[in-house]
Amino acid sequence: MTLDYVDHRADPSAWARALGIPREAVELYLASEVIDQHVDTFIWHRVFGYDLTRRHGTGPFGARILGQADFPRVREAALGGAVWIVTTNPLRPARSRPGVLVRNVRTLLGLFAKVPDDFAHVTNVREYRAARAAGKHAAFVGIQGGNALDRDVAALDQLPPGAVLRVTLVHLSNSRLGATSSPLRGRGDAGLGDAARAFIEALHARKIFVDLAHISKKGFWDALAVHDKTIAPIVTHTGIAGVHPHWRNLDDDQVRAVADRGGTVGIMYQASFLGAGEIGRRAARIVDHLDHVIRVTSEDHASLGSDWDGAIITPRDMPTCLELPRLVAEMLARGYSPERVQKILGGNFLRTVAALRG
């Protein structure tokens, strides 16, 4: 199958003009490893058969909620890699979740295999580099909602070795693993559940990241207390409370704790988490959150985690993946060095994966 997309490497100036940004920004972007840590588009394939291999427009809502990514547009956006997500349905009976999870991961891997000239499923940095050298998008797989596996983590062993790179302990609801940061958890914060310690240990034994996005504040600290200190904690898609206080965002102590152990904090693109009213609907607001991570830690711990197609409303000047170079233009306008930009776009994430899996 051939994907329908424009290769902007053929004419960077044209892409820069279309976006209204300096050619320098597009050239730096194209020279970088650009990796998104959380792309949720597969959920719409599951819900109503959204064909990830076909090029779509922005949909009935103008790229609000969905219509933000697909395989052709990811290629046109020159996205070198991404973590493609399988999200757990918390309403599904617990006994059936592991089997459904395994089937869904296999389905997603099958979609990658339908476009072998453009996509390669990868499990480590060596495979990532090989895929990129072959001119392909390097696709990692992640799971959102550890309650898919909280009663049978061994179900992961039915998949190819290393198929899953990371798992969030919780999503938008509580589970026996712990409490969500969402108001849906109800009153109080019970933190990590009794089953979570063994679950975290089982993930680490399989060299799978524990993703601390979505977990409650007490759960975050409980998880770090039992986290393997040789493995970097990651938060793949979040906002920063020091820029905009919100139940979904990390405070400075949490950001420092991730950085102190060598991890990264990925900034997501949901406008309400970015904050500041209409200013929050601009891509510059994403860079405000990246700025804050850098100020409280260093440039080695900030990264990107869009949550495209995860029912989010994106900045209006960056509604889809095709406008990503606007982030680079904003970073350069703020005086970021090319080296800092490249760390944020993908270098920091690759460092953590290399430390875990090589």
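All of the numbers you see were taken from the coordinates with simple rules; none came from a lab. Remember, it's a predicted structure, so these values are computed and weren't measured experimentally. Every residue, glycine as well, gets a Cβ built from its backbone with ideal geometry; the counts of neighbours run over all protein chains shown.
Residue order for Tyr50, Tyr128, Tyr269, fewest other beta carbons within 10 angstrom first, comes to Tyr50, Tyr128, Tyr269. Charge tally around Leu327: other residues with Cβ under 13 Å, Lys/Arg +1 each, Asp/Glu -1 each, net -1.
In a fully extended conformation the segment linking Ala18 and Ala113 would gain 31.0 nm over its present Cα-Cα distance, using 0.36 nm per residue. The distance from the alpha carbon centre of the range 1-29 to that of the range 171-223 is 40 Å, rounded to a whole number.
For the range 276-332 versus the range 63-137, the inter-centroid distance based on Cα atoms is 22 Å.
Computing Rg/Rh (Cα atoms, Kirkwood Rh) directly from the structure and comparing it against [x] 0.93; [y] 0.96; [z] 0.98 singles out [x]. Taking the number of Cβ atoms within 10 Å of each Cβ as an exposure proxy, the fewest-first ranking of Asp211, Asp228 is Asp228, Asp211. Just tell me which lysines come within less than 27 Å, Cα to Cα, of Lys114; anything on the same chain fewer than 8 places away is out. Correct list for Lys114: Lys136. Once backbone amide H atoms are built at 1.01 Å from N, Val141 has Trp84, Leu165 as its partners under 5 Å, excluding neighbours fewer than 5 places away on the same chain.
Compared with the direct C-alpha span, the chain from Arg9 to Val226 gains 73.6 nm at full extension, assuming 0.36 nm per residue. Can you list the aspartates and glutamates whose alpha carbon is less than 14 Å from that of Lys207, not counting same-chain residues fewer than 8 positions off? Here the aspartates and glutamates satisfying the reach criterion relative to Lys207 are Asp157, Asp228.
The phi torsions of the range 131-139, fed into the Karplus equation with coefficients 6.51, -1.76 and 1.60 and a -60° offset, translate into couplings of 5, 5, 4, 8, x, 10, 6, 9, 9 Hz, rounded to whole numbers, with Gly and Pro shown as x. The string of couplings for the range 300-307 from the Karplus curve (6.51, -1.76, 1.60, θ = phi - 60°) is 8, 10, 9, 8, 10, x, 4, 6 Hz, one whole number per residue in order, with x for Gly and Pro. The phi torsions of the range 43-54, fed into the Karplus equation with coefficients 6.51, -1.76 and 1.60 and a -60° offset, translate into couplings of 4, 6, 4, 5, 6, 9, x, 3, 7, 5, 7, 9 Hz, rounded to whole numbers, with Gly and Pro shown as x.
Straight-line reach from Lys217: taking Cα to Cα under 20 Å and skipping same-chain neighbours fewer than 8 places apart, the lysines in range are Lys229. Among Glu201, Glu339, Glu33, the order by Cβ neighbours within 10 angstrom, fewest to most, reads Glu339, Glu201, Glu33. Under 5 Å between amide hydrogens, built in the peptide plane, is the criterion, and for Gln37 it picks out Val83, Leu304, Gly305, Ser306 among residues at least 5 positions away or on other chains.
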